[in-house]
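Report on one structure; see the data block that follows.
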Amino acid sequence: MSDWLDRLRHVEPLEDVPVDESLVSGLEQTWGDERSDVRQGINFYTPTFKAFQTSELKDCGKSAWPAVSITGGDCKLQCDHCKAKILEPMLPAKSPEDLWRVVNGIIEEGAQGMLLTGGSNHQNQVEYDNYYSTIRRIKDEFPDFKIAMHTALVDKDIALCMEQSGIDAAMMDVIGSQDTITQVYHLRRRVDDFEETLEHLVATKMKVVPHIVIGLHYGHLLGEWNALEMVQRHLPDALVLVVVMPFYAPESRPFVTPDAHAVGRFFMDARQALPETPLLLGCARPPGMTKLQIDTYAVMAGLNGIAHPSDGTVELAARLDRNVKVTPACCCIAVGDEVMALNGSDAGLDINLDAIIEQERNRRRMSKISNQGLNGIRIVTEQGSDNSSRTGLCST
């Protein structure tokens, strides 16, 4: 058994997770050297536009990073994996006036930034034209408030408008398969259109953080390596990897759950292809055992950040001698060592391995006690419920 596999088996939530032992061995041989830069640090992100809590981490930054949609829940494309459902829980801002009002409200509640997005038209464009002056006003009035924008497809002029409005980070999906564009996105655009968009964005002063959606072609990996080559040619500030979550796919066009081991191999290839580019695992990925497998491979492959880590992932990273931090912000804002969404001592909260292990032991012990009963009578301890007995693991 490899050393890394042995360390994995000592993490209780991950001890029974099926992994490809040859892949783990390869990752250990590649990244296990103490001199390897990828071992030096990993940041776990807890963006608040999706409910999140595990036994190791709680949401450290409530309302710090909401998502706002300029179209509410409307989208013309109705892609097979999404059907616009991802937009529904976002804050709607269907006019520039609404956007100004929403931003002022969330800043009063403590927000430090936002994800600005919206549904696409039939050309995979989000129609921001009427919003640029309001975005500029927001940035002039609240210069420390960070805005990450999902750009969709843009030309050179639109990219410049986004830059001039003060957008901090530009995000777009890089799709490397024409079949995926046509069949999944229902879109009459070319693969080259996605690369040209990336080229236009990288030419601006904005931080550019594209996404590759792994398994986008009905759960199968098809254009991901071509998309990775596109990213290699233009070298953005960071790359976010997500795994398709087709909860809303129609029965006539079903998705399979992507193979977690294939996802792990893509992580390894991405890390090797982009050794100097921050690689981040975004919050979208299948739940359950698949997520545990994916998160395990992400840590072992040397990714720089993980949003919404599974139980045990933080401990695994620490056991693999990676310096662990937690940031309550959207992962797309992490660029190298800089976390643009936060300033000061809160920009990455240190996590202590001994505290993680001790807290996990206490949690399991209290869980066993509280679940035992005397003829059906629940036992209540002096420390109260499991939640009330937990101690925070974030420390400056």
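Just so you know, all these numbers are worked out from the coordinates, no wet-lab data involved. The structure presented is a predicted model; accordingly, all values stated were derived computationally and were not measured. Here the Cβ positions follow ideal geometry from the backbone for every residue, glycine too, while neighbour counts run over all protein chains shown.
Note: relative contact order over segment 241-301, using C-alpha pairs below 8 Å and six or more positions apart, is 52 percent.
Stokes-Einstein diffusion of segment 3-351 at 4 °C, 1.567 mPa s viscosity, Kirkwood radius from Cα pairs, rounded to a whole number: 64 µm²/s. Of Lys146/Lys207; Lys139/Lys205; Lys207/Lys325; Lys83/Lys291; Lys146/Lys205, which ones are farther than 19 Å apart at the Cα? In this structure, Lys207/Lys325; Lys83/Lys291 exceed 19 Å between Cα atoms. Bridge orientation summary for segment 182-282: considering DSSP beta bridges with both residues in this region, about 10 percent are antiparallel.
With only alpha-carbon pairs counted, each pair once and no self-pairs, how large is the Kirkwood hydrodynamic radius of segment 127-176 in angstroms? Over segment 127-176, the inverse of the mean reciprocal pair distance is 11.4 Å. Relative protection proxy for 146-152, 109-115, 312-318, from highest mean packing down: 312-318, 146-152, 109-115 (other beta-carbon atoms within 10 angstrom).
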